[in-house]
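Input: a single structure, listed below in structure tokens.
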2 protein chains.
Amino acid sequence: MRQLPASLGMRVDEIDTPALVVELDAFERNLQRMTQAVAGRVRVRTHAKTHKCAEIARRQIALGAVGVCCQKVSEAEAMVAGGIGDVLVSNEVVGAAKLARLATLALRARIGVCADDAGNVAALEAACAAAGARLDVYVEVDVGAKRCGVAPGAAVLALARCIVGCRHLRFAGLQAYHGAAQHLRSMAERRAAIERAAVAVRDSKARLEAAGIDCPRVTGAGSGSFAFEIESGAFDEVQPGSYIFMDADYGRNEWAEPLPRFDQSLFVLATVMSRPTADRAVLDAGLKASSVDSGLPLVWQRPGLACVRLSDEHCVLSVAPEAAAPVLGEKLLLVPGHCDPTVNLYDHYVGIRAGRVEALWPIEARGAIY
Amino acid sequence: MRQLPASLGMRVDEIDTPALVVELDAFERNLQRMTQAVAGRVRVRTHAKTHKCAEIARRQIALGAVGVCCQKVSEAEAMVAGGIGDVLVSNEVVGAAKLARLATLALRARIGVCADDAGNVAALEAACAAAGARLDVYVEVDVGAKRCGVAPGAAVLALARCIVGCRHLRFAGLQAYHGAAQHLRSMAERRAAIERAAVAVRDSKARLEAAGIDCPRVTGAGSGSFAFEIESGAFDEVQPGSYIFMDADYGRNEWAEPLPRFDQSLFVLATVMSRPTADRAVLDAGLKASSVDSGLPLVWQRPGLACVRLSDEHCVLSVAPEAAAPVLGEKLLLVPGHCDPTVNLYDHYVGIRAGRVEALWPIEARGAIY
């Protein structure tokens, strides 16, 4: 482990850069706003793929979350090692070695997983039988994301029957996450997408009921849509992740009632490393410091400065004539384009409050993509 | 450290995924081709920002490289810890804490750094005086990349004079890397860009000579252009990095004499985790497994399969009607869009030859962005 980017009590301008900074006041407001917005109407299972950090998971659970979601077995292993007792791998897990690890993990914590294939269900059963473990298995339904998942309706019933027939698996319900809906820009588009998802969920549940199969739970939803899933009445549990941090891409969404307005709390702190011309400044945070899959980072609260391109270790800024000129060595905050893959580039969060470093949290599941 | 993705001797289809795989035959051919192409005409200082791995650096040095380039102090620290005795930080380093680390490192190895600002040169001198160290300092010249660096000519002379006047700094020459030229698609465009860079270098060297300042070395060039820098006669040292691996974006370049044709040796091994429809397959390697800043990954040697989008942990493939259908659990190789930031997502390389795992190399400088 290389040296930490900061030490407790340090001023923000003393933090080594690039650093992944969390403004703790904003972060804590976001946690509270989610609790208030859900208001106990459904269960909250926060998504740990965003933060990959057991400390943050523990804080979410302290505020009422029933546990976390993960996307990978290794991510779930990191969360269980960090004391989280209830983890849903909200994804398919394929391959004997991974399934053996998943089953072993289910001996130490309540573990759920998704399935969209009968052969995979048989492999899950075999892994659990070998480990003497039991897994919660959700049928993933494609409610519009066009990624994984079976089609709503008859295919859901067929796969649920497979699971119900397995001695070591518990049929836990439906995973119905509409990822593509999260970044539809207008509230109206997102509401309409989730209404269609809810129709698909209700149809699938009706098939299960008609066949006498109990559907204990429908889980899904993200930060950009969860209020619509709750209002639909078709969901029992929501899986928001990004609300704790936000990012430039979520910032481009329309936010209005019934969704709360979350604050930007996650930043990349960067240093001005070159001022080659009056209209150009270069920061020390490039593609290895900020993910650009959803667009370039934004400069925080410095009018007239804009990121124009990133290379591996550089961010080139344009400096407008009227802008306060950035000075060599000055530190600026960037809002990452997409929070989740940006977090995955770092080993620590530097938590700041009132201009000082208050916390250093390890990102235990950084790189946990297995 | 979490478990390794593979063990020695394992078959490729047993490697846990996503994994960063190096096809060792192709990798070794690339190393040889660079040595042959340069043919001793200039020094080779390979760029370690691509691989971040001391084992690879040692192999490059065994084939004649004089040392490596790094972009960050923490990357240089990792290379020196791995036994590399000559490192050029081909970048500006700003801030007292970083400069103190750089100066301390210069007590253990030959260390160079770039500068494009007189105040930064003064800070370098102060850091070296405090540590009792000496640094090689290169003036970075903007030869067309429009990133860092002073303008060619008078500004180079002025900054070189600053360096020459510092007791603890050695003026080592010019850093003249044209990053933007590397991905100009046609040979003609790249040749023309490097011809312009060479003019800028010659003009700057002439100014230094006229002022009686010796310019020991001009260093620069990348995998996409190095033969042009050599042919220009204006460069003493080249800094290729990506040639060892290649990527989808370099693959879109025109490659012809005098540049050798390098082979794709770096891959992301991924598993088919879902087959929801006949025309769609989903792999377990998303944005946290393959950087998309330079475009989506390509599917290797599987006609009719194409990556259509990535999310955090998924790669959605289109499956053409005539394609051999990918089977759930099957492992496919992806060519990453951009090698450097993809490497930075992993802790290990899995070296394979003839279908078996032959090597596991730690990526010591993964995340070394400080």
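Can you spot the aspartates and glutamates whose alpha carbon is less than 12 Å from B:Lys288's alpha carbon? Ignore those fewer than 8 places along the same chain.
Here the aspartates and glutamates satisfying the reach criterion relative to B:Lys288 are A:Asp293, A:Asp340, B:Asp312, B:Glu313.
Give me the 1.4 Å probe accessible area per residue for the protein assembly as shown, excluding ligands and nucleic acids, in Å². Walk me through the intermediate numbers first.
Numbers: 24690 Å² over 740 residues.
So the protein assembly as shown comes to 33 Å² accessible per residue, rounded to a whole number.
Taking H as built 1.01 Å from N, whose amide H comes closer than 5 Å to the amide H of A:Thr46, not counting residues under 5 places away?
Counting only residues 5 or more places away or on other chains, the set is A:Val66, A:Gly67, A:Cys69.
Against the longest alpha carbon principal axis of chain A, how many degrees, from 0 to 90 and to the nearest 10, is the axis of helix A:154-164 turned?
Approximately 80 degrees, to the nearest 10.
Mind checking the mean number of beta-carbon atoms from other chains within 10 Å of the Cβ atoms in A:282-291? Kindly include the intermediate steps, with their values, before the conclusion.
Values: counts 8, 0, 10, 1, 5, 9, 15, 5, 0, 7.
Counting Cβ atoms of other protein chains within 10 Å of each residue's Cβ and averaging gives 6.
I'm checking a number: the convex hull volume of the Cα atoms of the stretch B:109-188, normalised per residue, in Å³. What is it? Please list the in-between numbers first.
Values: hull volume 7.9 nm³, N = 80.
Roughly 99 Å³ of hull volume per residue.
Short version: what are the Cα gyration tensor semi-axes of chain B, square root of 5 times each eigenvalue, largest first, in whole Å?
On the way: eigenvalues 317, 101, 59 Å².
Result for chain B: semi-axes of 40, 22, 17 Å.
Counting only the heavy atoms of the protein chains, how much of B:Trp300 is accessible to a 1.4 Å probe, in Å² to the nearest 10?
Surface accessible to solvent at B:Trp300 totals approximately 90 Å².
Per residue of A:204-210, count partner chain C-beta atoms within 10 Å of its C-beta, then hand back the mean as an integer.
0
Just counting partner chain Cβ atoms within 10 Å, what average do the residues of peptide A:336-344 show around their Cβ? Could the numbers behind the result be given before it?
On the way: counts 0, 0, 2, 0, 6, 11, 1, 1, 6.
If you average over the peptide's residues, the count of other-chain Cβ atoms is 3.
Convex hull volume of the Cα atoms in the protein assembly as shown, per residue, in Å³? All intermediate terms of the calculation are to be shown ahead of the outcome.
Details: hull volume 109.3 nm³, N = 740.
That works out to 148 Å³ per residue.
Would you kindly calculate the mean projected area, averaged across all directions, of the convex hull enclosing the Cα atoms of the stretch B:60-99, in square nanometres?
Details: hull surface 11.5 nm².
Averaged projected hull area, Cα only: 2.9 nm².
Give the average over all directions of the projected area of the C-alpha convex hull of the stretch A:26-118, one decimal, in nm².
Values: hull surface 25.7 nm².
Mean projected area of the Cα convex hull: 6.4 nm².
Can you check what the net charge comes to around B:Cys69, using other residues whose Cβ is under 9 Å from the Cβ of B:Cys69 (Lys, Arg +1; Asp, Glu -1)?
Details: positive: B:Arg45, B:Lys49; negative: none.
Every neighbour counted, the sum reads +2.
Using a Debye calculation, one point per C-alpha and no hydration shell, please list log10 I(q)/I(0) for the stretch A:221-370 at q = 0.15 Å⁻¹ in order.
Each listed q maps to, in turn, -0.86.
To check my understanding: the extent here is largest minus smallest coordinate of the Cα atoms along each principal axis. What are those three numbers for the stretch B:134-262, in Å, largest first?
46, 27, 23
Please check the stretch B:356-370 for residues whose accessible area, probe 1.4 Å, is lower by 40 Å² or more when all protein chains are in place than in their chain alone.
B:Arg366, B:Ile369, B:Tyr370
Dipole magnitude of chain B about its Cα centre, charges +1 at Lys/Arg Cβ and -1 at Asp/Glu Cβ only, in debye to the nearest 20?
600 debye
Can you tally the net charge around A:Ala127? Count Lys and Arg as +1, Asp and Glu as -1, for every other residue whose Cβ sits under 10 Å from the Cβ of A:Ala127. Working shown, then result.
Numbers: positive: A:Lys98, A:Arg101; negative: A:Glu125.
That sum, taken over residues with Cβ under 10 Å, equals +1.
On C-alpha positions alone, give me the angle between the axis of helix B:187-210 and the longest principal axis of chain B, in degrees, nearest 10.
It is inclined by approximately 20 degrees.
Roughly to the nearest percent, how much of the accessible area of the stretch B:255-370 is carbon and sulfur, given a 1.4 Å probe? Could the numbers behind the result be given before it?
On the way: 2020 of 3650 Å².
Carbon and sulfur: 55 percent of the exposed surface of the stretch B:255-370.
Where Rh denotes the Kirkwood radius from the mean inverse Cα pair distance, what is Rg over Rh for the stretch A:171-237?
Working: Rg = 12.1 Å, Rh = 12.1 Å.
Expressed as Rg/Rh, it is 1.00.
Grab the other residues whose beta carbon is less than 15 angstrom from that of B:Leu31, score K and R as +1, D and E as -1, and report the net. Walk me through the numbers before you get to the answer.
Details: positive: B:Arg29, B:Arg33, B:Arg45, B:Arg58, B:Arg59, B:Arg261, B:Arg353; negative: B:Glu23, B:Asp25, B:Glu28, B:Glu55, B:Asp263.
The answer is +2.
Taking only the alpha carbons of the stretch A:290-370, what extent do you get along each of the three principal axes, in Å, biggest first?
47, 31, 18
Report relative contact order for chain B in percent, whole number only (criteria: Cα-Cα under 8 Å, sequence separation at least 6).
Working: 866 pairs, mean separation 79.8, N = 370.
Once divided by the residue count of chain B, the mean separation gives 22 percent.
Report the accessible surface area buried between chains A and B, summing both sides, using a 1.4 Å probe on protein heavy atoms only, in Å² rounded to the nearest 100.
Working: alone 14830 and 14830 Å², together 24690 Å².
Summed over both sides, the interface buries about 5000 Å².
For helix B:118-131, report the angle its Cα long axis makes with the longest principal axis of the Cα atoms of chain B; keep it between 0 and 90° and round to the nearest 10°.
90 degrees
Count the DSSP beta bridges whose two residues both fall in the protein assembly as shown, then state the antiparallel fraction as a percent rounded to the nearest 5.
Numbers: 60 of 123 bridges.
Antiparallel bridges: around 50 percent, rounded to the nearest 5.
State, as an integer percentage, the relative contact order of the stretch A:250-370 based on alpha-carbon contacts under 8 Å between residues 6 or more apart. Walk me through the intermediate numbers first.
Details: 220 pairs, mean separation 30.3, N = 121.
Across the stretch A:250-370, relative contact order equals 25 percent.
The values are calculated or read from the model by the stated rules, or taken from the named source; none is laboratory data. Keep in mind it's a predicted model, so treat the numbers as computed, not measured. Because the Cβ atoms are built from the backbone with ideal geometry, glycine has one as well, and the counts that use them run over all protein chains shown. Areas reflect the complete protein model, heavy atoms only, side chains present, ligands, DNA and RNA absent. Shrake-Rupley method; radii C 1.70, N 1.55, O 1.52, S 1.80 Å.
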